[in-house]
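Below is one structure, written out as structure tokens, with a few remarks after it.
Derivation of every value follows stated rules applied to the coordinates shown; laboratory data play no part. Fair warning: this is a prediction, and the values are worked out from it, not measured in the lab. Please note: Cβ atoms are built from the backbone with ideal geometry, for glycine as well, and neighbour counts cover all protein chains shown.
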Amino acid sequence: MTKTAVPHFSGILGSDAFPIEAARYRLIWSEICPWSQRVAILRRLLGLEDIISEGKVNPVITEKGWQFSLDEGHRDPILDVDYVMAIYKKTDPNYPGRATIPVIVDVTTKKIVNNESQEIMQQIETNFTDFVKTDAPDLYPENLRTEIDALNAILLVEINQGVYKIKGAKTQADYEKYFHIFFNRLDQLEARLADSRFLFGDQLPPLRKPSTL
């Protein structure tokens, strides 16, 4: 999802409705969108390129939203649509919001499973373990999940959304407020990294923060 709230599709990969199968799901993303970048990075780190296909949209948003203009005929070759909004409307003909990325699409129905990046990442991390490459890092170890979730909740508000709050501040007071929250959190993270390579000791960090920065 992007920086502002939109209606949420909250399907769960690995549920009865959406079983884990090779080549059943497609990630729609763009390199310009930090929210979708982190899902794409995770997919590659885990070696899931042949398990979850990808569709990339043009980084320049048109009046109609994200467009598949990088593909031949300006249509996604798997989903046979020209705009991401078409996927949203197929999933819910009365969908009232903007069409955001990333989205995970069930290619058997060509409908959206989930459009919230953090949920998508967590579901991939926990439910695609049978398909990850043998040397893939464990980015969501069970013994650290409570700590990771707690830190991610902070990073979401103060870092991931924080950059947009600073940019969109309407008053000087709001600008200074969000500026100090953002950089105070960066200072705390820097101090945490002073004695370890990653945020959780020797464990690779969750991929929630860097893409927005």
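In 5 Å bins starting at zero, report the fraction of Cα pairs in the stretch 1-143 per bin as a rounded %.
Each 5 Å bin holds this share of Cα pairs: 2, 10, 21, 24, 22, 13, 6, 2, 1, 0.
Quick one: if the Förster radius is 35 Å, what FRET efficiency do residue 94 and residue 157 give, using the C-beta to C-beta distance and rounding to 0.05? The partial results should precede the final answer.
Working: r = 30 Å, r/R0 = 0.87.
Calculated transfer efficiency: 0.70.
Please report the net charge: other residues with Cβ closer than 14 Å to the Cβ of residue 15, K and R +1, D and E -1. Can you show the working numbers first?
On the way: positive: 24; negative: 16, 21, 106, 119.
Overall, the nearby charge balance is -3.
Between residue 186 and residue 173, what is 0.36 nm times their sequence separation minus the Cα-Cα distance? Round to one decimal in nm. Show your work: numbers first, answer last.
Numbers: separation 13, 0.36 × 13 = 4.68 nm, distance 2.01 nm.
Going from the current span to full extension adds 2.7 nm.
What's the local net charge at residue 112, with K and R +1, D and E -1, over the other residues with C-beta under 14 Å away?
Working: positive: 24, 26, 89, 90, 98, 110, 111; negative: 76, 92, 106, 116, 119.
My count for the surroundings of residue 112 gives +2.
Please report the antiparallel percentage of DSSP beta bridges with both residues in the stretch 25-127, rounded to the nearest 5.
Among the beta bridges of the stretch 25-127, antiparallel pairing accounts for roughly 65 percent.
Spelling out what I want: for every residue of the stretch 14-26, take phi, set θ = phi - 60°, compute 6.51 cos²θ - 1.76 cosθ + 1.60 (Karplus), and round to whole Hz; glycine and proline get x.
Values, residue by residue: x, 7, 4, 6, 10, x, 6, 9, 5, 6, 8, 10, 10 Hz.
Between residue 58 and residue 41, what length comes free when the chain is fully extended (0.36 nm per residue of separation minus the Cα-Cα distance, one decimal in nm)?
Working: separation 17, 0.36 × 17 = 6.12 nm, distance 1.80 nm.
Result: 4.3 nm gained on full extension.
Taking the Cβ of residue 129 as the centre, find all other residues whose Cβ is under 13 Å away and add up their charges (Lys, Arg: +1; Asp, Glu: -1). Don't skip to the answer; put the middle values down first.
Numbers: positive: 133; negative: 125, 130, 138, 142.
Within the 13 Å Cβ shell, the charges total -3.
How many percent of the alpha carbon pairs in the stretch 63-186 exceed a separation of 24 Å? Intermediate values should be presented prior to the final figure.
Numbers: 3970 of 7626 pairs.
The proportion of pairs with Cα distances above 24 Å equals 52 percent.
At 0.36 nm per residue, minus the direct Cα-Cα distance, what do residue 147 and residue 71 gain on full extension? Give it in nm, one decimal, please.
23.3 nm
Evaluated at 10 °C with a viscosity of 1.306 mPa s, what Stokes-Einstein diffusion coefficient in µm²/s does the stretch 36-116 have when Rh comes from the Kirkwood expression over alpha-carbon pairs? Could you put the intermediate results ahead of the total?
On the way: Rh = 13.2 Å.
For the chosen part, D equals 120 µm²/s.
Calculate how many DSSP beta bridges within the chain are antiparallel, expressed in % of all such bridges and rounded to the nearest 5.
Expressed as a percentage, antiparallel bridges in the chain total about 70.
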